[in-house]
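Please treat every number below as a calculation from the coordinates, not as lab data. Please read these numbers as outputs of a predicted model, since none were measured by experiment.
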Amino acid sequence: MWESLKKSFCSYIRFKGRADRKEFWIWALAMLAISFAFVCIMALLALLFEYTQKPVLSDFFAVTISLFGLFWVVMFFPTLTVTVRRLRDAGITPWLLLIPATLGIFTFLVLFDQALYNMDPSTPPHYSGVFAFILASVTALVGITFLILFCLPSKKEEPE
C-alpha cells in the first residue's frame with residue numbers, strides 16, 4: 001500500500017503513462033481518509049466551541065480549515081495526474097475529466113448563490129431551486145459514472 005502511495009506521489013508531475021486500479025484506489029482512499037480526519041476534527045472543534053464558547057477553539061478551527069485547504073491545494077495536482085493516468089489505463093480519453101470539472105464548478109456556484117439567498121432573503125437568487133436541484137443531480141450522476149469508469153479493467157497495450 002505504501003509503495004503504491006509513494007509511486008503516485010513521486011509521479012505527481014507525470015501525466016504520461018498509466019495508473020492501474022490499485023494505484024488509483026489506494027490514492028483515492030488515502031485522500032478520502034485524510035479529508036475525513038480533517039472534517040471530524042473541524043466538527044469536534046465546532047461542537048466544543050458551541051458548548052464552551054472559548055475563543056481559542058475558534059482559532060483552532062480556523063487553523064484546521066486553513067490546513068485542510070492547503071492540503072487540497074498541494075494534493076490537487078497529484079490527484080489530477082493519477083486520475084488522468086487511471087483513465088488512460090482504462091482506455092478512456094482523459095479529456096472527459098472536463099465534464100465533471102465544469103459541472104462541479106458550475107454546481108458549486110449555483111449552490112453558493114442559493115446559500116447566499118438563504119443567509120439574506122432580501123437578495124433573490126439568480127437561479128431557481130429546481131434548477132439547482134437538477135444541476136446537482138446531474139453532477140452526482142456524472143460523478144457516479146466516473147466512479148464506474150475508474151473501476152474498468154486495464155486495457156492492454158496492443159503491439160503497433
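Let me understand the stretch 1-89 better: what is its radius of gyration from the alpha carbons, and its Dmax, in angstrom?
According to the Cα coordinates of the stretch 1-89, Rg and Dmax are 16.6, 52 Å.
Once every Cα of the stretch 69-118 carries one equal point scatterer and solvent is ignored, give the base-10 log of I(q)/I(0) from the Debye formula at q = 0.18, 0.23, 0.25 Å⁻¹, two decimals.
The calculated log intensity ratios at q = 0.18, 0.23, 0.25 Å⁻¹ are -0.73, -0.90, -0.95.
Of the lysine pairs in the chain, how many meet both conditions: Cα atoms under 20 Å apart, and a spacing of 8 or more in sequence or different chains?
Taking the chain as the scope, the lysine pair count is 8.
Relative to the compact-globule scaling 2.2 N^0.38 Å, provide the ratio for the alpha-carbon radius of gyration of the chain.
1.29
Using helices alone, I'd like the mean residue ellipticity at 222 nm for the chain: each DSSP H run of four-plus residues gives -39500 (n - 2.57), total over residue count, nearest 500.
-26500 deg cm²/dmol
Compute the distance from the alpha-carbon center of the stretch 114-135 to that of the stretch 66-81, in whole Å.
Cα centres, the stretch 114-135 to the stretch 66-81: 29 Å.
Can you report the principal axis dimensions of the stretch 91-160 using only the alpha carbons, biggest first, rounded to whole angstrom?
Here the spans come out as 64, 17, 15 Å, largest first.
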